[in-house]
Amino acid sequence: MTAAEYFERLYAESADPWQLAEREYELRKYALTTASLPRRRYRRAFEPGCSIGVLTGFLASRCDELLATDPVAAPLARAREVVPDNHVRFEQGRVPDDWPPGEHDLIVLSELLYYLSAPERLEVAERVNRSLGPGGHLVLVHWRWPFEAATCTGDEAHADVRAVVDATCVVEHVEADFRLEVLAAAESVPSG
Ligand SMILES: C[S@@+](CC[C@H](N)C(=O)[O-])C[C@H]1O[C@@H](n2cnc3c(N)ncnc32)[C@H](O)[C@@H]1O
């Protein structure tokens, strides 16, 4: 089974396979994730792997523009109902290949990186380097324990990306079950 088939099948069996909209664990993690954003407002944000848009809904109130993507159509249909805001766009797409052009000041990779192969994680990190603007923030948040569908643990995924991304860690929150990090790209130096 390919990765695409795996996720298609999960969503065919359940509208919310991880119970993202219900589990107290997830809702608390989303609250910690949004509370960790160093800036009140972001101009242009990207959240790949958005599923049914629960985290998207929390991010929406902090962003002028937010693009959220997922390779599977079914959760996107539900996400559009849950987050009908005009400044939020949901599109079908898979990273690293379907990466939006232009500069972003917020990129959120939540419970996604361990579904990618090591070369795909590297490509994601390189794309982050190309699209995160000066002073922009990258959020990484992942479950820490191994599981069958994962190519690595959350800690390993964070280490892979941090090794490549040209940004400094400004928030680090580690619990038994998940790791949350916010990395900041360098501010641009005014030319004299
Ligand atoms: C565990 S859910 C995480 C949802 C959300 N990011 C969160 O933290 O609540 C993982 C999602 O990633 C999507 N996904 C899997 N591979 C992907 C890829 N290569 N690019 C983008 N999304 C992907 C799946 O379809 C699924 O909806």
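The values are calculated or read from the model by the stated rules, or taken from the named source; none is laboratory data. No experiment lies behind these values; they were computed from the predicted model shown. In case anyone asks, the SASA skips ligands and DNA or RNA and just uses the protein heavy atoms, side chains included. Shrake-Rupley method; radii C 1.70, N 1.55, O 1.52, S 1.80 Å.
Can you show me the helix-derived [θ] at 222 nm for the chain, built from DSSP H runs with n ≥ 4 at -39,500 (n - 2.57) apiece and divided by the number of residues, rounded to the nearest 500. It would help to have the intermediate numbers written out before the result.
Details: 6 runs with 65 residues, N = 192.
When only DSSP H runs of four or more count, the value is -10000 deg cm²/dmol.
Over segment 3-185, with the other protein chains present, what is the accessible area per residue in square angstrom, probe 1.4 angstrom?
46
To the nearest µm²/s, what D does Stokes-Einstein give for segment 3-185 at 37 °C and 0.692 mPa s, using the Kirkwood radius over alpha carbon pairs as Rh?
Translational diffusion coefficient: 202 µm²/s.
From largest accessible area down, sort 18, 99; use a 1.4 Å probe on the protein chains.
In descending accessible area the options line up as 18, 99.
What do you get for the angle between helix 154-164 and the principal long axis of the chain? Use alpha-carbon atoms, 0 to 90 degrees, nearest ten.
30
Dimensions of segment 25-110 along principal axes (Cα, Å, largest first)?
Rounded to whole Å, the extents work out to 31, 30, 24 Å.
By how many degrees, 0 to 90 and rounded to 10, does the Cα axis of helix 73-82 deviate from the longest principal axis of the chain?
Here the helix axis deviates by roughly 70 degrees.
What is the gain in length, in nm to one decimal, between residue 62 and residue 122 on full extension, counting 0.36 nm per residue of separation less the C-alpha to C-alpha distance?
Residue separation times 0.36 nm, minus the Cα-Cα distance, leaves 18.8 nm.
What's the carbon and sulfur percent of the chain's accessible surface, probe 1.4 angstrom, rounded to a whole number?
Of the solvent-accessible surface of the chain, carbon and sulfur hold 51 percent.
Can you give me the angle between helix 24-35 and the longest principal axis of the chain, using Cα atoms only, in degrees from 0 to 90, rounded to the nearest 10?
Roughly 20 degrees between the two axes.
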